[in-house]
1. How large is the accessible surface of D34 in square angstrom, using a 1.4 angstrom probe and rounding to the nearest 10?
2. Dipole of the chain, Cα-centred, from +1 at each Lys and Arg C-beta and -1 at each Asp and Glu C-beta, to the nearest 20 debye?
3. Determine the share of the chain's accessible area contributed by carbon and sulfur atoms, expressed in whole percent, with a 1.4 angstrom probe.
4. Can you find, among Q35, T8, Y48, the residue farthest towards the positive end of the dipole of the chain? Put +1 on the C-beta of Lys and Arg, -1 on that of Asp and Glu.
5. Excluding ligands and nucleic acids, what accessible area in Å² is computed for M40 using a 1.4 Å probe, to the nearest 10?
6. Give me the 1.4 Å probe accessible area per residue for the chain, excluding ligands and nucleic acids, in Å².
Amino acid sequence: MERLPDFTAEQIKKIAESDAGMQLFTLLQQTHGDQLQVAMDRAAAGDYTMAKKAMASMMNSPQAMALLKQLRGKQNG
């Protein structure tokens, strides 16, 4: 699996507010709600290693991968 890139706070905000970012968040809520909440709780507590591990397993669906591709294109563009 691909390594997820590290983002600055400003990049995360832009991603979260983008159409693809909102679609990805909605998809993850619908398909992995409890796991997403655990990842968010870990990140809020400062445990970014465990948050990343929790998120990585959720990104395997074709829909999530397609949205990540869109987000990478916008981040690099």
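The values are calculated or read from the model by the stated rules, or taken from the named source; none is laboratory data. All values derive from a computational prediction rather than experimental measurement. In this analysis, Cβ positions are derived from the backbone assuming ideal geometry, glycine residues included, and neighbour counts consider all displayed protein chains. Protein only, heavy atoms only, side chains kept; ligands, DNA and RNA dropped before computing areas. Shrake-Rupley method; radii C 1.70, N 1.55, O 1.52, S 1.80 Å.
1. About 140 Å², ignoring ligands and nucleic acids.
2. Values: 9 positive and 8 negative charges, 46 e Å.
Computed about the Cα centre, the dipole is about 220 debye.
3. Numbers: 3080 of 5420 Å².
Answer for the chain is 57 percent, counting heavy atoms of protein chains only.
4. T8
5. For M40, the solvent-accessible surface is approximately 80 Å².
6. Numbers: 5420 Å² over 77 residues.
Ligands and nucleic acids excluded, the figure is 70 Å² per residue.
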